[in-house]
């Protein structure tokens with residue numbers, strides 16, 4: 001049941017990303033081009049996502065346990081550190097250069113476009129590189 005629900009949630013997300021045009025890097029890049037062909041639609045998509053997320057959290061977290069799990073998996077850290085700021089900056093720079101964020105690129109894989117595949121492979125390589133760097137700079141626990 002969990003697999004079916006996960007699939008359906010991913011399908012709804014992918015269809016939403018596609019319908020909104022966020023799988024098209026030109027549309028995303030036009031949002032960042034405030035001095036040229038600025039397209040504010042990304043702001044509306046993000047605003048809608050924030051509204052749905054806020055309402056969803058309020059509705060779902062009224063329950064003591066999730067429907068398909070034993071505990072809610074929520075973040076516990078609330079501090080802002082260099083890793084968070086650095087990661088957000090790298091994410092934003094990559095998004096601005098490529099026109100894709102991971103959420104928009106994964107549904108766009110279905111288009112078969114080479115640039116999407118290159119982005120996703122680069123994304124995965126970056127995740128592994130970040131983990132390797134993290135292992136080298138984090139002191140070993142005794």
(request) Would you check if residue 92 is free of Cβ contacts under 8 Å to residues at least 12 places away in the same chain, within 23 Å of residue 19 (Cα to Cα) and under 14 Å from the mean Cα position of the chain (by Cα)? (result) yes
(request) Tell me which residues, restricted to the stretch 103-117, are in a helix (DSSP H, G or I) and either closer than 25 Å to residue 46 by Cα or within 17 Å of the chain's Cα centre (by Cα) (or both). (result) 103, 104, 105, 106, 107, 108, 109, 110, 111, 115, 116, 117
(request) Return the pairs, sorted by first residue and then second, in which the second residue is part of a helix (DSSP H, G or I), the first residue lies in the stretch 7-23 and is more than 21 Å from residue 98 (Cβ to Cβ), the beta carbons are less than 9 Å apart, and the residues are 6+ apart or on different chains. (result) 10/106; 10/107; 15/107
(request) Using the structure shown, decide if residue 60 is closer than 26 Å to residue 5 by Cβ and surrounded by 10 or more Cβ atoms within 10 Å (Cβ to Cβ). (result) yes
(message) Can you pull out every residue in the stretch 1-17 that is surrounded by fewer than 12 Cβ atoms within 10 Å (Cβ to Cβ) and assigned to a helix (DSSP H, G or I)?
(response) 2, 3, 4, 5, 6, 7, 8, 9, 11, 12, 15
(request) Check whether at least one residue in the stretch 80-95 is at pLDDT below 90 and surrounded by fewer than 10 Cβ atoms within 10 Å (Cβ to Cβ), and report yes or no. (result) yes
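Can you pull out the residues in the stretch 47-89 that are assigned to a helix (DSSP H, G or I) and more than 24 Å from residue 20 (Cα to Cα)?
Listed by number, the residues that qualify are 58, 59, 60, 82, 83, 84, 85, 86, 87, 89.
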(request) Would you mind telling me which numbered condition in (1) loosely packed, with under 13 Cβ neighbours inside 10 Å; (2) touching a helix residue (DSSP H, G or I) at 6+ places or on another chain (Cβ under 6 Å); (3) within 24 Å of residue 28 (Cβ to Cβ) residue 68 fails? (result) (3)
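The values are calculated or read from the model by the stated rules, or taken from the named source; none is laboratory data. If you're wondering where the values come from, they're calculated on a predicted model, not measured in any experiment. We place every Cβ from the backbone using ideal geometry, glycine too, and count neighbours over all the protein chains shown.
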